[in-house]
1. Only helical DSSP H runs with n ≥ 4 go in: add -39500 (n - 2.57) per run for the chain, normalise by residue count and round the 222 nm mean residue ellipticity to 500 deg cm²/dmol.
2. So what is the accessible area of the chain per residue, in Å², with the probe set to 1.4 Å?
3. Work through the residues other than residue 169 whose Cβ is under 15 Å from its Cβ and net out their charges, Lys, Arg +1 and Asp, Glu -1.
4. Quick one: net charge around residue 231, please, counting Lys, Arg +1 and Asp, Glu -1 for every other residue with C-beta under 11 Å from its C-beta.
5. Count the net charge of all other residues whose Cβ sits under 12 Å from the Cβ of residue 287, scoring Lys and Arg as +1 and Asp and Glu as -1.
6. Could I get the Rg over Rh figure for region 69-221? Both from C-alpha atoms, Rh via Kirkwood, rounded to two places.
7. Ignoring ligands, DNA and RNA, what percent of the 1.4 Å accessible area of region 206-336 is carbon and sulfur?
8. Express in whole angstrom the spacing between the alpha-carbon centres of region 61-104 and region 163-240.
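The values are calculated or read from the model by the stated rules, or taken from the named source; none is laboratory data. These numbers come from a predicted model, not from an experiment. Cβ placement follows ideal geometry from the backbone for every residue including glycine, while neighbour counts extend to all protein chains displayed. Heads up: the accessible areas ignore ligands, DNA and RNA and are worked out on the full protein's heavy atoms, side chains in. Shrake-Rupley method; radii C 1.70, N 1.55, O 1.52, S 1.80 Å.
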Amino acid sequence: MSLAEEFEWFADWCVGTSPLYEKLARGVADDPYLLSLAEEIPPKRGTPNILFAAVHWHLLGGVSHPLADFYPSVTDDPKTADPFPAFREFCAEHEDELLPLLRNRRTQTNAVRRCTALFPAFSHIANRVGGEPLALIELGPSGGLNLCWDRYVYDYGDAGRYGTGECVLDTEIRSERSPPLPDEFPRVASRIGIDLNPLDVRDETDARWLRALVWPEHEDRHRLLRGATNVARQHPPEFRQGDAVEELPDVLAGIPSDVPVCVFDTQMRYQLPETAQDRLRVRIEAAAEGRPLHWLSGHESADEWEGAFALNWFDGEEYRRLLAYEQHGKWLRWVR
């Protein structure tokens with residue numbers, strides 16, 4: 001797929017959810033200058049997302065430019081006219097400021113509503129290990145908001161409400177059978193995230209990057225991000241900086257062998273080359289031979305449900321589909 005085709009594909013993906021980015025992506029696809037600027041972004045990082053987030057980051061920081069008038073995340077009364085001329089002008093005027101972000105930043109969206117899928121998945125695994133506290137390892141945690149999963153409130157509609165706090169995550173259950181939702185959260189023995197570039201939500205620059213990755217029209221996601229960021233600032237997650245595949249054995253070695261481990265990731269693996277994905281699988285399976293270990297991964301799409309990803313579960317012996325969820329956690333289907 002050429003870079004122009006990638007932006008056209010992205011524009012199609014935005015239909016119905018982000019009119020602003022749809023218009024901008026179609027404009028970029030036909031603009032040689034902006035395509036050349038986008039070539040500065042390393043491969044496998046979600047080029048359209050990085051370009052638009054880099055511009056959004058500057059606007060959120062208060063850069064004064066007519067382009068800001070089109071962004072619902074920046075102004076209360078956004079314009080609905082064609083934003084592309086202003087976007088191109090902004091990129092040309094601020095190219096030097098954009099380049100460091102394009103070259104160095106990554107797509108690290110913490111879609112915190114995905115925790116509505118993680119909570120029942122962790123509960124299922126906790127039941128399998130007899131209620132023993134779990135050692136959680138997240139691969140690609142970004143700002144670590146999903147590591148704070150048990151500090152949020154969960155609203156599953158008719159299936160109940162769980163937890164206490166100010167950050168409420170709501171979702172719709174679209175399966176006849178409800179997932180396992182205990183009265184109390186599964187116990188956690190330890191939690192750590194491994195990331196090449198972990199983001200510290202206490203740092204305004206990193207926190208703004210997380211905001212910039214959320215599309216401007218998605219006010220609900222911005223609201224949840226603000227709430228989860230406040231939680232993570234009060235309870236900062238522990239991180240190990242480095243390649244998740246290479247660092248995983250060392251992190252596992254630091255956890256007592258009799259403590260059940262749950263390694264998890266939510267749509268991080270698509271950024272890994274196939275060879276790295278193969279190495280990760282080999283290391284997970286090797287580690288499971290010597291200790292109780294489970295792996296949850298949201299990498300694969302669930303084609304039978306449009307817009308869904310499958311949360312697959314490795315129980316130490318075989319791989320199974322546990323549930324399917326809308327990419328931002330708006331709904332889930334329990335499969336088991």
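1. Helices in the chain give a 222 nm mean residue ellipticity of -12000 deg cm²/dmol.
2. Working: 14850 Å² over 336 residues.
I get 44 Å² per residue for the chain.
3. Values: positive: 113, 114, 151, 161, 221, 223, 226, 330; negative: 150, 155, 166, 170, 172, 220, 326.
Spelling it out: positives minus negatives among the neighbours equals +1.
4. Values: positive: 151, 226, 233; negative: 150, 166.
So the environment of residue 231 carries a net charge of +1.
5. 0
6. Numbers: Rg = 19.4 Å, Rh = 18.3 Å.
Using Cα coordinates only, the ratio equals 1.06.
7. 45 percent
8. So the separation of the two Cα centres works out to 27 Å.
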